[in-house]
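Engineer: The structure follows.
The values are calculated or read from the model by the stated rules, or taken from the named source; none is laboratory data. Because the structure is a prediction, the values reported are computed rather than measured. Here the Cβ is made from the backbone with ideal geometry for all residues, glycine too, and neighbour counts use every protein chain on show.
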Amino acid sequence: MVFGAVAVAPSLILALWAIRVSPERRDGALVFLLQSILFPAVVGPVIWYGVDRRGRGLVLTAVRGGREAAIEVRPQSGVGRGLVIPIGEASALARLYRVGVGRHIAAAEVVSPTGAGEVLFARGGTSLDPDLVRWIEDVWASHGSSASHPDSVDVEEVASRAARAPLDAPHPVQARLVGGWPTYSYPAVEPRGVGLAASLIAVLVTWLILYPLLGIFSFAKLAIWILPVVLLLVWMILLAGPLTVELEVRGPMLIFRRRRFGLTLWVSVNDASQAGLEISQLPFVALRVKRRLRGFTTPAIGGPDVVAMAWLSAAIRACAQPGVWRA
């Protein structure tokens, strides 16, 4: 509520000014009023993402205690299977996310090394939730074991299976050789930024309509710079998905591509030996390569679940080992 009030306050103040100002000065007030709606358009999607908890959240269950402690991580929404990961060597890391120019947001993350690479299973603000920290410490200090959910799979079992047969991919991941190199693909979606792009398009179209109607700027002058920006934002939405992610492993190099209608929309090169998983947003799951997230997907759109993505991460790491795979 506080963020929402701060977001709309400038527009409300400028609207009051435009109403009370004399007619000969109203054009300037209307210019500032229409420009001020950029602020709630940018902040609004961020606020909504923070408060909308539908389909989000994890269920963490202790499976083993002691030096070989393990936990089961499942999506609270019930979409997709769960993954059993070891946490005996789990550690908390501080990370800075860049926001704009010269600004950063601090975040605390919990990662655990596994056969499928480092798995990030919890994230907090500037520090982790104290209850989560105490719970992990209690698991370390406990003894014994308990059964996991029937459809949950141990990540080490998945990684072992992927290392033995890195082209025997589980559905819906597809594996094939392209030019002699292992190449994987699956349905994916990029959930971040779609709301922001859509809200900015709405603001720009509003400007394109209202400024000429109010007689402040001509349509031709506005269209010269507004339409290219709108087309760029539409391209960003096209990048968001649903689309196909393609991952080609060329020795230690992992080539990440986003494809739509057979066209490559985005390409990046990563270190295949650093592949891991980000599962703190289940049922959304993504590869994690040197702290960069690649290829968000979810079984809700027909994409692989966390178990299939764990297999994929392990298969990529297996193919990247020297002498294991040759073109």
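Engineer: I'm told Val289 meets every condition in (1) touching a Pro at 6+ places or on another chain (Cβ under 9 Å); (2) farther than 11 Å from Ala188 by Cβ except one. Can you identify the failing condition by its number?
Structural biologist: Going through the list (1) touching a Pro at 6+ places or on another chain (Cβ under 9 Å); (2) farther than 11 Å from Ala188 by Cβ, Val289 breaks only (1).
Engineer: Follow-up question, since we're still on this one. Give me the strands (runs of 3 or more DSSP E) completely within the range 100-210, filtered to those with at least 3 residues that are surrounded by fewer than 17 Cβ atoms within 10 Å (Cβ to Cβ) and modelled with pLDDT of 85 or more, ordered by residue number.
Structural biologist: Answer list for the range 100-210: 174-178.
Engineer: Checking Tyr211 against (1) assigned by TED's automatic domain parsing to the domain that holds Leu33; (2) without any contact (Cβ under 8 Å) to a residue 40 or more places away in the chain: exactly one of these is not met. Which one?
Structural biologist: Here Tyr211 clears every test but (2).
Engineer: Residues Ser313, Ser268, Ser280: which one is touching a residue at least 60 places away in the same chain (Cβ under 8 Å), over 19 Å from Arg176 (Cβ atoms) and under 21 Å from the mean Cα position of the chain (by Cα)?
Structural biologist: Values: Ser313 fails: over 19 Å from Arg176 (Cβ atoms); Ser268 fails: touching a residue at least 60 places away in the same chain (Cβ under 8 Å).
Selected residue: Ser280, the only one of Ser313, Ser268, Ser280 that is touching a residue at least 60 places away in the same chain (Cβ under 8 Å), over 19 Å from Arg176 (Cβ atoms) and under 21 Å from the mean Cα position of the chain (by Cα).
Engineer: Kindly list the number of the only condition in (1) modelled with pLDDT under 90; (2) surrounded by 15 or more Cβ atoms within 10 Å (Cβ to Cβ) that fails for Leu227.
Structural biologist: (2) is the only condition that Leu227 fails.
Engineer: Ok, one more. Check whether at least one residue in the range 252-263 is crowded, with 20+ Cβ neighbours inside 10 Å, touching a Lys or Arg at 6+ places or on another chain (Cβ under 9 Å) and not basic (Lys, Arg), and report yes or no.
Structural biologist: Checked the range 252-263: at least one residue is crowded, with 20+ Cβ neighbours inside 10 Å, touching a Lys or Arg at 6+ places or on another chain (Cβ under 9 Å) and not basic (Lys, Arg).
Engineer: Filtering the range 28-45 down to residues that are at pLDDT below 75 and surrounded by fewer than 16 Cβ atoms within 10 Å (Cβ to Cβ), which residue is nearest to the chain's Cα centre (by Cα)?
Structural biologist: Val42
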